[in-house]
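Report on the following structure.
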Amino acid sequence: MGSRRTISPMKASGERVALASFVIGSLIAGGNSVGVRFSNRELAPLWGAGFRFSLAAALLLAVMAALKLAFPRGRALTGALVFGVFNFAAPFALAYYGLVRVHAGLGQTLLALVPLLTLLLAVAHRQERFRLPALLGTLLALIGIALISRAPLRESVPLLSMLALVGGALCFAEAAVLVRWFPPVHPVTMNAVGMTTGAILLVAGSLVAGDPHVLPERAATWVALAYLVVSSGLIFVLYIVVLQRWPASRAAYVFVLSPVVTVLLSAWLDDEPIGAGLVLGGLLVLVGVYVGALRSAAPPPAPAEAEIVARGHEDAES
């Protein structure tokens, strides 16, 4: 009789932490695209994104100081800076531009491409092996989200806006893969440095673009900004917690679960039309997330990833 496979208490605890972080982060992220839509009504896209992440970075730097967290050095600092470029500066510049003309629900639908793109990039970088359940789960979820958002999809949407959102999804996917090449950094520190980098680049971009640097006048815009600032700190800290415990392609399913919340909020606050396939689409999304991300624990890493992790721990200890 074969021996039964056991899971150590530490590993089981880490899985519970990752799962809780994944679910909470997904729910909070659902309101972000709606908040960006409200921000874009008063603030130019690059300036709005830069202003948001300037405030969020200041908040996280204060938390970092309160917790007496060390500033990263060497390759760890390089990883945090790279994360800032690919997870904050580039994708949010594209997403804010796209959401000027695209409803939040449809925008979040396009960002749901992130898990599939992450899987393909992780395989290309030899960090993960190709897994059929991950691909199947992503496809099921995308079909579900398309059903949820089928009313907006019948409207005339500028191609450039849609391409910008797809480009943002590609940047998010690449960030999740690239960060695993560097030594691990505390989630608060990683996001404090990353958001500061992103804020500097976004504000610089807004200066080059000639955006008017004004403050909002409407109460609704300030409420949206407050939500975005607080949620930014929470979501991306939780995302790093998940990334440190799950493969990149599995962690990226946060982009698949959040559109359900986005569509409901957008219909309520932004008059986004909802198709009759909301219930069926929502069920497909949940099934897709279960099949691709939650049904089984992460598989053993590819040989290249094992080398990456080992090298990262050596660098962190040195």
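The values are calculated or read from the model by the stated rules, or taken from the named source; none is laboratory data. Just so we're clear, the structure is a prediction, and the values are computed from it rather than from any experiment. With ideal geometry, Cβ positions are generated from the backbone for all residues, glycine too; neighbour counts draw on all protein chains shown.
Find the residue count for segment 60-80, including only residues that are within 20 Å of I200 (Cα to Cα), touching a residue at least 60 places away in the same chain (Cβ under 8 Å), assigned to a helix (DSSP H, G or I) and more than 19 Å from the chain's Cα centre (by Cα).
Matching residues across segment 60-80 total 6.
What pairs can you find where one residue is in segment 212-230 and under 16 Å from S33 (Cβ atoms) and surrounded by 13 or more Cβ atoms within 10 Å (Cβ to Cβ), the other is at pLDDT 90 or above and acidic (D, E), and their Cβ atoms are less than 8 Å apart, with a gap of 6+ or different chains?
T221/E42
Take the residues in segment 235-272 that are within 14 Å of G107 (Cβ to Cβ) and among the acidic types (D, E), then tell me which one is modelled with the lowest pLDDT.
Per the criteria, the residue is E272.
For segment 50-99, enumerate the residues that are over 27 Å from G167 (Cβ atoms), aliphatic (A, V, I, L, M) and touching a Ser or Thr at 6+ places or on another chain (Cβ under 8 Å).
Matches in segment 50-99: L61, M64, L69, A70.
Give the residue that is nearest to the chain's Cα centre (by Cα), with candidates limited to residues of segment 226-252 that are among the aromatic types (F, W, Y) and under 18 Å from G14 (Cβ atoms).
Y239
Take the conditions in contact (Cβ under 8 Å) with a residue 24 or more places away in the chain and either surrounded by 24 or more Cβ atoms within 10 Å (Cβ to Cβ) or not acidic (D, E) (or both) and apply them to A209. Does it pass?
Criteria met by A209.
Out of V166, V188, I need the residue that is under 28 Å from P247 (Cα atoms), surrounded by fewer than 23 Cβ atoms within 10 Å (Cβ to Cβ) and at pLDDT 90 or above. Which one?
Step by step, each of V166, V188 is checked, and only V188 is under 28 Å from P247 (Cα atoms), surrounded by fewer than 23 Cβ atoms within 10 Å (Cβ to Cβ) and at pLDDT 90 or above.
Looking at segment 1-57, which of the residues that are among the charged types (D, E, K, R), under 23 Å from A89 (Cα atoms) and assigned to a loop (DSSP other than H, G, I, E, B) is modelled with the lowest pLDDT?
Here the answer is R41.
Do we have R126 as in contact with a helix residue (DSSP H, G or I) (Cβ under 7 Å, 6 or more places away or on another chain), closer than 28 Å to T221 by Cα and among the charged types (D, E, K, R) here?
No; evaluated as a whole, the condition is false for this residue.
Regarding segment 118-127, can at least one residue be identified that is surrounded by fewer than 24 Cβ atoms within 10 Å (Cβ to Cβ), among the small types (G, A, S) and not in a helix (DSSP H, G or I)?
Within segment 118-127 (the criterion being surrounded by fewer than 24 Cβ atoms within 10 Å (Cβ to Cβ), among the small types (G, A, S) and not in a helix (DSSP H, G or I)), the answer is no, since none of the residues qualifies.
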